[in-house]
Amino acid sequence: MEPLTVDFIAQAVNGTLRTGGNDSQTLKMLIKGVSTDSRSIEKDQLFFAIKGDRFDGHDFAEEAVSRSGTLAVVGKPLDRVSTLLVKDTVDALGDLARAYRGKLGKRTIAITGTNGKTTTKEMSALVLGVKYQVRKNRGNLNNLIGLPLSVLEMDGEDELGVFEMGMSAQGEIEKMCQISEPVLGVITNVSACHLESLGDMEGVARAKRELLDYLDEDKKVVLNFDDPTLREMAKETRASVIGFGVECDAPIRARSVCEENWGICFTLESGGDFKIPIPGTFNVYNALAAIGVGMAFGVSTQEAGEALSQLVPEKRRMGRIPLDGAILVDDSYNANPASVVCALQVLSKMGAKRRIVVLGDMLELGATSRLLHEKVGLQMKELGVDILYVHGKDVKYTAQSARRSGLECVREFPEKSELITALKTLLKDGDVVLVKGSRATRMEEIVQALVLERTGG
């Protein structure tokens with residue numbers, strides 16, 4: 001982050017300075033970064049006290065300020081610490097990020113969709129990096145806290161910001177657009193997710209559409225034409241549309257799609273062969289979206305192909321880990337019905353003595369959770385699964401429907417430790433095991449236990 005005066009920040013967040021001392025001197029203080037974590041805050045950084053589900057940042061404001069030597073942005077008056085008092089600290093963080101981006105005058109790209117956001121973000125940043133200095137979200141800092149923090153990490157040398165936008169409720173993408181002010185948007189797909197808060201698929205579509213509604217006539221949007229919902233949205237947006245797809249006619253269309261050596265290959269209809277070191281034909285769509293982003297900023301398809309060939313997949317997203325004779329596919333980062341089926345399709349094409357699936361709950365599916373878990377189970381045998389182990393509450397419906405479809409070896413485990421013990425005994429040379437579940441189920445603990453058991457590291 002480029003240094004900012006406290007005066008600039010106070011105006012941006014509409015905050016009231018409370019120092020108990022020389023306010024005029026404090027207003028001239030230079031802030032060189034922001035933090036929401038009192039444990040890792042550095043000198044000259046500004047602390048935002050944010051109240052979460054488990055912790056309240058206000059309880060750690062004094063500790064944070066003692067480390068940073070600056071002050072804290074707070075939502076309630078605090079004694080013994082210099083503060084900027086605001087109505088809401090999350091809103092204030094967004095307000096500061098918006099003012100900062102405007103001060104720098106940097107262009108940004110916004111990426112959303114039910115699946116593929118992070119991979120498309122990584123691919124797009126890689127492609128744009130051919131010609132530009134690019135800043136992107138670290139990991140998946142993609143919500144109303146993570147996005148502003150990512151924007152505030154931009155500096156004077158950055159030319160473009162590539163930011164993914166996640167959401168769990170209506171209005172969140174709209175707010176993130178107001179913060180980052182994108183000149184180009186990408187929507188990868190629209191499928192079942194966050195139904196607990198969004199209600200139904202129409203609610204999911206409305207939430208994603210907020211990105212389209214933000215983009216006006218002088219902006220561009222990259223859309224998946226194979227997704228019926230997005231194909232309809234393309235007819236209504238004011239922005240210039242760059243379409244991509246495999247099945248449907250689109251300006252950016254892949255042909256001759258295949259998988260080989262834990263990667264994907266395809267040919268663009270307009271010309272150019274691509275080979276990308278990440279499995280799953282679903283990742284063709286993410287690559288096509290990144291190619292579209294590159295084209296919008298003057299990166300040729302040849303340059304995009306060379307960049308994508310250097311892709312390093314994100315951790316816990318279809319990672320292939322050798323386990324002393326067996327193979328572990330670590331896709332434990334997150335899960336929803338569509339992404340589970342995509343992972344099963346990859347598994348079905350792998351040579352293996354036995355294909356083993358370890359599945360945790362797919363969360364936030366609301367009243368449709370049972371039905372959607374059952375639908376996944378019905379596809380297990382058809383997609384070549386030999387053994388299914390599950391752990392969680394609603395994933396039991398996946399187990400039940402898998403049995404009904406003819407899969408014989410299905411086990412349910414109330415405790416994750418029991419599943420790990422059984423899996424260690426089960427796993428033999430030649431097996432391939434896929435581990436997947438929603439973020440809150442922490443299925444990576446199973447991955448870590450297997451890696452430790454089979455490799456010692």
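Observations on the model:
- Solvent-accessible area of the range 1-138 (1.4 angstrom probe, protein heavy atoms only): carbon and sulfur portion equals 42 percent.
- For the residue pairs Lys131/Lys235; Lys136/Lys315; Lys106/Lys131; Lys117/Lys353, alpha carbon separations beyond 26 Å are given by Lys131/Lys235; Lys117/Lys353.
- For the pair Lys275 and Cys409 in one chain, pulling the backbone fully straight at 0.36 nm per residue adds 44.6 nm over the alpha carbon distance.
- Estimated from helical segments only, the mean residue ellipticity of the chain at 222 nm is -10500 deg cm²/dmol, where each DSSP H run of four or more residues counts as -39500 (n - 2.57).
- Using the Cβ of Thr267 as centre and a radius below 13 Å, the other residues enclosed give a net charge of +1, where K and R count +1 and D and E count -1.
- Using every pair of separate Cα atoms, the Kirkwood estimate puts the hydrodynamic radius of the range 4-87 at 12.4 angstrom.
- The range 274-312 and the range 157-208: distance between their alpha carbon centers, rounded to Å: 22
- When the square roots of the Cα gyration tensor eigenvalues are ordered a ≥ b ≥ c, the ratio a/c for the range 317-426 is under 1.5, which makes its shape rounded.
- Cα shape, the range 196-248, gyration tensor, a/c 1.5 rule: oblate
- The packing ranking, built from the mean of other Cβ atoms within 10 Å per residue, places the peptides 263-276, 326-339 in the order 326-339, 263-276, highest first.
- The relative contact order of the chain, computed from alpha carbon pairs under 8 Å that lie at least 6 residues apart in sequence, is 11 percent.
- Each other residue within a Cβ distance under 10 Å of Leu147 adds +1 if Lys or Arg and -1 if Asp or Glu, for a net charge of -1.
- Tilt relative to the chain, helix 89-104 - C-alpha long axis, 0 to 90 degrees, to 10: 80
- Added length on full extension, which subtracts the Cα-Cα distance from 0.36 nm per residue, Ala367 to Glu418: 15.5 nm
- Estimated vicinal HN-Hα couplings, Hz - the range 110-125 in sequence order (Karplus 6.51, -1.76, 1.60; Gly, Pro = x): 10, 10, 9, x, 5, 10, x, 4, 5, 5, 5, 4, 5, 5, 5, 4
- Among the trypsin sites (Lys or Arg not before Pro) in the range 182-255, those placed in a DSSP loop whose Cβ has at most 15 other Cβ atoms within 10 Å are Lys235, Arg238.
- Electrostatic bookkeeping for Gly185 treats Lys and Arg as +1 and Asp and Glu as -1; over the other residues with beta carbon under 9 Å from its beta carbon, the sum is +2.
- In units of the rule-of-thumb radius 2.2 N^0.38 Å, the chain shows an alpha carbon radius of gyration of 1.05.
- Dipole check for the range 4-87: with +1 at the C-beta of Lys and Arg, -1 at the C-beta of Asp and Glu, and the Cα centre as origin, the magnitude is about 80 Debye.
- The shape of the range 287-376 comes out oblate: with a ≥ b ≥ c from the C-alpha gyration tensor, a/c is at least 1.5 while a/b does not beat b/c.
- Only Lys, Arg, Asp and Glu carry charge here, each on its Cβ (+1 for the first two, -1 for the last two); on that basis the chain has a dipole of about 560 debye about its Cα centre.
The values are calculated or read from the model by the stated rules, or taken from the named source; none is laboratory data. For clarity, every value in this text was computed on a predicted model and none was experimentally measured. Because the Cβ atoms are built from the backbone with ideal geometry, glycine has one as well, and the counts that use them run over all protein chains shown. For accessibility, only protein heavy atoms count, side chains too; no ligands or nucleic acids. Shrake-Rupley method; radii C 1.70, N 1.55, O 1.52, S 1.80 Å.
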